[in-house]
Amino acid sequence: MLQTSMATRGMVSAPHHLAAQAGLAVLREGGNAIEAAVAAVAACGVVYPHSCGLGGDGFWLISEPGKTPISIDACGAAAMNAKAETYRAQGHKTMPLTGGLAAATVAGAASGWQAALEISSRWGGALPLSRLFEDAIYYARTGFPVTRYQAGCAGKLGDALPAGQSAEAGTLLTAPGQALLLERLAQNGLDDFYRGAIGHHLGAELHKAGSPLTSADLARHRSVRRRPLSLNLNDGTAYNLPPPSQGLAALMVLGLFERLNVAEGESFAHLHGIVEATKQAFIVRNTHVTDPSYMTIHSTTYLSESLLDRLAAAIAPRQALPWRRESNDGDTAWIGVVDGQGRAVSCIHSLAKPFGSAVAVGDYGLLWHNRSTSFTLDENGQNLLTPGRKPFHTLCPGLVRFRDGRVMALGSMGADGQPQTMAAIYSRYAQFGQSLQQAVSAPRWRLGAGRGDNASDLKVETRFDPALLQALREAGHEVTPTKDFDHQMGHAGAVVRHEDGRMEGAADPRGDGCVAGW
């Protein structure tokens with residue numbers, strides 16, 4: 001854990017060390033938490049291209065002392081030409097994972113950066129885009145070393161991966177198209193991605209690649225600022241994103257677990273309680289969470305004390321609820337920043353599956369996401385592919401304001417694992433007194449990972465006490481041991497600012513990141 005004194009100007013946690021350093025450099029120049037986050041996210045999109053980039057979506061939580069936190073939904077909607085019947089007529093029973101038809105939703109990331117920087121300007125932020133993109137452009141031009149994780153993701157895609165993306169770990173990879181795109185956005189402004197020359201080029205090139213997206217779809221897109229979902233806990237108030245994010249499920253897990261009154265961390269009651277709380281939250285999520293325009297019950301209904309009390313009472317203290325559900329998998333980059341003024345940012349960006357749709361668009365070679373895989377082609381499905389509809393998102397950055405004045409930004413990659421990982425970190429840190437780095441590094445578990453018959457089990461890292469794993473099995477959990485520090489458990493991180501100005505942060509040893517502070 002990196003811990004700094006009251007004199008610190010800020011701290012960044014990111015899943016790639018070069019991204020964390022890019023954010024730190026901005027803080028050292030007097031930039032604020034939002035500016036540092038944009039610099040870190042831009043760099044991450046270059047050096048972690050399998051996980052995130054301008055061809056994907058993003059969600060933000062922004063906290064300023066004395067004010068209600070703000071959420072930014074930078075999720076793109078389905079193309080107006082994207083219709084379930086069209087896909088079925090072409091022989092598809094489910095949404096394709098790669099290719100032009102998988103690139104069926106607008107990439108919202110740039111609009112989230114723009115919305116966040118509008119807030120930053122009200123804080124006095126004045127660093128130009130050319131400075132915020134400086135590190136990202138440098139690495140795109142001169143090269144960055146491929147991590148083992150990136151190389152492993154590339155190997156799984158095989159021939160579907162675009163030329164120039166596949167390389168062995170340690171190889172120096174360049175992305176000149178990304179540098180060109182960032183330079184043009186720095187010159188013309190982020191809105192050019194949707195309603196300028198860049199947007200027209202992207203729309204035309206997406207059409208050539210077989211995507212249903214057009215430049216009109218890009219021009220139609222706007223990010224959305226909303227009041228985040230919130231839940232009062234014993235130690236403070238937790239915040240997350242409203243639908244189409246699964247932020248509701250993340251908050252429900254925290255609220256349900258707290259009601260179980262578990263006294264000891266790393267115990268059977270701790271793991272069993274969070275796993276069973278996750279099941280209850282996912283039942284609600286899978287039944288109700290979708291594009292909010294299509295929801296008939298407001299998401300705050302499921303955060304009411306009476307409903308959480310009832311669901312918590314249904315959790316058997318020694319018996320696992322049978323669980324056979326398809327899981328969501330994906331790749332994501334979470335970044336957290338706190339600055340010397342007490343402001344905090346929790347933001348998450350993703351291409352959905354590793355390398356997204358594997359479509360590299362136009363002059364920029366921009367990898368376009370495949371978030372459209374969240375849609376179903378089943379007319380009776382919860383998330384039916386519909387023109388202009390937003391896809392369901394597992395992305396859910398977390399933020400907590402503690403009653404003692406601390407503010408905490410936390411998050412992780414890992415699709416269905418995100419709410420579970422955040423509950424593990426929060427419970428260990430806030431309820432059981434572990435240090436922040438200990439809470440992130442400690443062995444983790446995940447209900448649901450992978451596809452098919454192997455997607456409903458409880459995967460558990462083997463550093464847990466074998467007696468604990470046996471107790472879980474005896475309670476009816478289908479326990480599958482995994483390797484230590486398994487990527488399936490997500491690449492998590494957290495940063496905390498104390499009321500007196502002290503800061504602490506943690507990065508996940510499962511990933512390639514670090515905490516950088518000054």
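Each reported figure results from applying straightforward, stated rules to the coordinates on display, with no laboratory input. All values reported here derive from a predicted model rather than from experimental measurement. Note: ideal-geometry Cβ built from the backbone for every residue, glycine included; neighbour counts use all protein chains shown.
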Dipole magnitude (debye, nearest 20) for the chain, charges at Cβ of Lys, Arg, Asp, Glu | 580 debye
Amide H neighbours of T332 at under 5 Å, excluding residues fewer than 5 places away on the same chain, with H built from the backbone geometry, are G414
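With r as the distance between the Cβ atoms of D363 and Q341 and R0 = 51 Å, compute the FRET efficiency 1/(1 + (r/R0)^6) and round to 0.05. Before the final figure, lay out the partial values.
Working: r = 39 Å, r/R0 = 0.77.
Using R0 = 51 Å, I get an efficiency of 0.80.
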Where labels lie 7 Å past Cα in the beta-carbon direction, separation of K483 and A467 in nm | 3.0 nm
Just how far, in whole angstrom, is the stretch 278-322 from the stretch 164-213 if you go by their alpha carbon centroids?
-> 39 Å
For the cross-link pairs K83/K156; K208/K353; K156/K390; K156/K279, which exceed 24 Å when the distance is taken from alpha carbon to alpha carbon?
-> K83/K156; K156/K390; K156/K279
In whole Å, what is the distance between the alpha-carbon centres of the stretch 389-406 and the stretch 457-513?
-> 19 Å
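Beta carbons within 10 angstrom, averaged per residue: use that to sort the peptides 438-449, 298-309, 239-250, highest first.
Working: 438-449: 23.2, 298-309: 14.6, 239-250: 27.3.
Highest to lowest by the protection proxy: 239-250, 438-449, 298-309.
Does the stretch 24-147 classify as rounded, prolate or oblate by the C-alpha gyration tensor (a ≥ b ≥ c root eigenvalues; a/c under 1.5 gives rounded; else a/b over b/c gives prolate, otherwise oblate)? Walk me through the intermediate numbers first.
Working: a/c = 3.22, a/b = 1.64, b/c = 1.96.
Taking the square roots of the gyration eigenvalues as a ≥ b ≥ c, the stretch 24-147 is oblate.
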What ranking of I62, I119 emerges when the number of other C-beta atoms within 10 Å of each C-beta is taken as an exposure proxy, fewest first?
-> I119, I62
Contour minus Cα-Cα span, Q382 to D159, at 0.36 nm per residue, comes to 77.0 nm
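Residue separation times 0.36 nm, minus the C-alpha to C-alpha distance between N261 and T174: what's the value?
Details: separation 87, 0.36 × 87 = 31.32 nm, distance 5.14 nm.
Full-extension gain reported as 26.2 nm.
Can you show me the helix-derived [θ] at 222 nm for the chain, built from DSSP H runs with n ≥ 4 at -39,500 (n - 2.57) apiece and divided by the number of residues, rounded to the nearest 500.
On the way: 17 runs with 173 residues, N = 518.
One gets -10000 deg cm²/dmol as the mean residue ellipticity at 222 nm.
Please say if the stretch 155-211 is rounded, prolate or oblate, where rounded means a/c under 1.5 for a ≥ b ≥ c the square roots of the C-alpha gyration tensor eigenvalues, and otherwise the choice is prolate for a/b larger than b/c and oblate otherwise?
Working: a/c = 3.91, a/b = 1.53, b/c = 2.55.
Oblate.
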Per its Cα gyration tensor (rounded if a/c is under 1.5, else prolate when a/b beats b/c, else oblate), the stretch 52-107 is best filed as prolate
